[in-house]
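A short worksheet on the structure shown next.
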Amino acid sequence: MNIHEYQAKQLFEEFQVATPKGASASSREEVQTVANRLETHHLVVKAQIHAGGRGKGTFTNGFQGGVHLCDSPEKAAGLASKMLGNTLVTHQTGAAGRVVRKVLVAESVVIAKEYYFAIVLDRAIGAPLVIASTEGGVDIEMVAEKFPEKIIKEAIHPLLGLQPYQARNIAQRLGFESSKIGEAATLFLNIFKLFLESDCSLVEVNPLVLTQDGKVLALDAKFNFDDNALFRHPKIAALRDTTEEDPREVTASQFNLNYVGLDGNIACLVNGAGLAMATMDIIQYHGGEPANFLDVGGGANEQQVTEAFKILVSDKNVKAILVNIFGGIMRCDIIAQGIINAVRVLSLPVPLVVRLEGTNVELGKKLLQESNLPIIAAEDLTDAAKKVVAAAQA
């Protein structure tokens, strides 16, 4: 789950991570109210969408940029009126862009130096990892590619956590003066506390800044949370903005289905993430393009299968559907009955190819055959891929 920048600032304040004051607003009047409350002539107005590159983005109404500095509440309100309700297109949104429903109004600061600081869950070492760089304000991938020597990495002990000496060492390696090392280290330790207690998988501060008046601040932030731990954090779960997500993915999450939309025309319904990836690969190998990743999990019931089919056929680009099930925990006869019921309820408008293997596979195949529904049976995964690609191209 992702959150907006203004929500990230709320978490920063809760965990005492130094950041410029600010608040969100969804109307011109609210913008002016927030700006007046900040009592400063150094303001920044930032469009709030779940995508990077906002500053260099373009609105479909012709307005340039989703991040603007200004010096009065009236100007802030004027800038916001050109953003709110309009679509912002950046290199991460694609041509469709995202509608801006809120803006962040905050104090602007004069930056002396920008840095990059992040904590990620490194699955290779099985522990959190600090990634930092003196090259803040740009994509860390670009820095890693062109200036790998400027990337600082510090593994965090999974039980002891980030230690004060490590935080000071990171600050020193980033080039902070001795008088600022303590301030920077405190900020790093507070970010780690936030990361740990909120069950984050990523906290990325870009840029982390040193201002001209000597303050160390987290200026912008990106958060990812472990979805499996959100039940422990109802306040964080409440921050979810479903208007920023693919409606199909939102529906899928309501039925505990793992769905990611793609650009192809062959829909996939599979149990197990590894098998789903292999299914997508073999479709592409035989000349097709997968329309989605959809993992129904190991214990899907008939309702989940029916809802999964509804999601698949809601994609107007889909020309064929491939169901690839390996019955381990999930019995093939149960999934076959779910497929039959879904096809009867939905009257599928596109060809359906089904490959079953595993527990009760013969019974599952018998149910599909005796249903007299237009279901194309496949003997193995290669056969299934060839048949669904041919069906999509017909």
Fill in: J(HN,Hα) series, region 168-185, from Karplus relation 6.51 cos²θ - 1.76 cosθ + 1.60, nearest Hz, glycine and proline x
5, 5, 4, 4, 5, 5, 7, x, 5, 5, 4, 6, 10, 4, x, 5, 5, 4
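Where does each of 309-321, 259-271 land if you order them by average Cβ count within 10 Å, highest first? Please report the intermediate quantities before stating the final value.
Numbers: 309-321: 19.2, 259-271: 21.5.
Going from most to least packed, we get 259-271, 309-321.
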Worksheet item: Taking only Cα atoms, what is the 0 to 90° angle, nearest 10, from helix 28-38's long axis to the longest principal axis of the chain?
Response: 40
Response to the item:
Scaled by the rule-of-thumb 2.2 N^0.38 Å, the alpha carbon Rg for region 221-285 gives a ratio of 1.35
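If each residue's Cβ is checked for other Cβ atoms within 10 Å, how do PHE188, PHE195, PHE15, PHE59 rank with the fewest at the top? Could the numbers behind the result be given before it?
Working: PHE188 27, PHE195 24, PHE15 15, PHE59 18.
The most exposed by this proxy come first: PHE15, PHE59, PHE195, PHE188.
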Worksheet item: By the gyration tensor of its Cα atoms, with a ≥ b ≥ c the square roots of the eigenvalues, what is the shape of region 246-393: rounded for a/c under 1.5, prolate for a/b over b/c, or oblate?
Response: rounded
Worksheet item: Mind checking Rg over Rh on the chain, alpha carbons, Kirkwood formula for Rh?
Response: 1.06
Fill in: Residue-wise HN-Hα coupling along region 355-370, computed from phi with Karplus coefficients 6.51, -1.76, 1.60 (Hz; x: Gly, Pro)
10, 10, 8, x, 4, 6, 5, 5, 5, x, 5, 5, 4, 5, 5, 7
Practice prompt. Work out the FRET efficiency for ASN258 and ILE151 from their Cβ-Cβ distance, taking R0 = 41 Å, and round it to the nearest 0.05.
Written response: 0.85
Worksheet entry | Within the chain: Cβ-based charge dipole about Cα centre, in debye rounded to nearest 20 (Lys, Arg +1; Asp, Glu -1) | 480
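Which pairs in the list LYS46/LYS153; LYS75/LYS180; LYS102/LYS153; LYS21/LYS153; LYS9/LYS215 are over 24 Å apart, alpha-carbon to alpha-carbon?
Details: LYS46/LYS153 30 Å; LYS75/LYS180 34 Å; LYS102/LYS153 35 Å; LYS21/LYS153 30 Å; LYS9/LYS215 17 Å.
LYS46/LYS153; LYS75/LYS180; LYS102/LYS153; LYS21/LYS153, as the Cα separations exceed 24 Å there.
How much net charge surrounds LEU322 when only the other residues with a Cβ under 13 Å from the Cβ of LEU322 are counted, with Lys and Arg +1 and Asp and Glu -1?
Summing Lys and Arg as +1 and Asp and Glu as -1 gives 0.
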Worksheet item: So who's got an amide H within less than 5 Å of the one on ILE3, skipping anything under 5 residues away but keeping other chains? H placed 1.01 Å off N, in plane.
Response: PHE223
Response to the item:
The correct pair for region 111-237, radius of gyration to one decimal and Dmax as a whole number, both in Å and from Cα atoms, is 14.4, 42
Worksheet item: Give or take rounding to whole Å, what are the principal axis extents of the alpha carbon atoms in region 172-252, in descending order?
Response: 51, 23, 20
Worksheet item: Lys/Arg Cβ at +1, Asp/Glu Cβ at -1, dipole of the chain taken about the Cα centre: which of VAL318, SER198, PRO148 is farthest positive-ward?
Response: VAL318
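What does the charge count near ASP227 come to, summing +1 for each Lys or Arg and -1 for each Asp or Glu among other residues with Cβ under 11 Å from its Cβ?
Numbers: positive: ARG240; negative: ASP199, ASP226.
In short, -1.
May I ask for the net charge around ARG248, where only other residues with Cβ less than 13 Å from the Cβ of ARG248 are counted and Lys, Arg are +1 while Asp, Glu are -1? Mind showing how you got there, number by number?
Values: positive: LYS310, LYS316; negative: GLU245, ASP246, GLU249, GLU307, ASP315.
Once all neighbours under 13 Å are counted, the net charge is -3.
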Worksheet entry | Proximal lysines to LYS387, defined as alpha-carbon separation beneath 28 angstrom and excluding residues fewer than eight positions away on the same chain | LYS310, LYS316, LYS319, LYS365, LYS366
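Here, each number is a calculation from the coordinates, and none is a lab measurement. Since this is a predicted model, take the numbers as computed values, not measurements. As a convention, Cβ positions derive from the backbone with ideal geometry for all residues, glycine included, and neighbour counts pool all protein chains shown.
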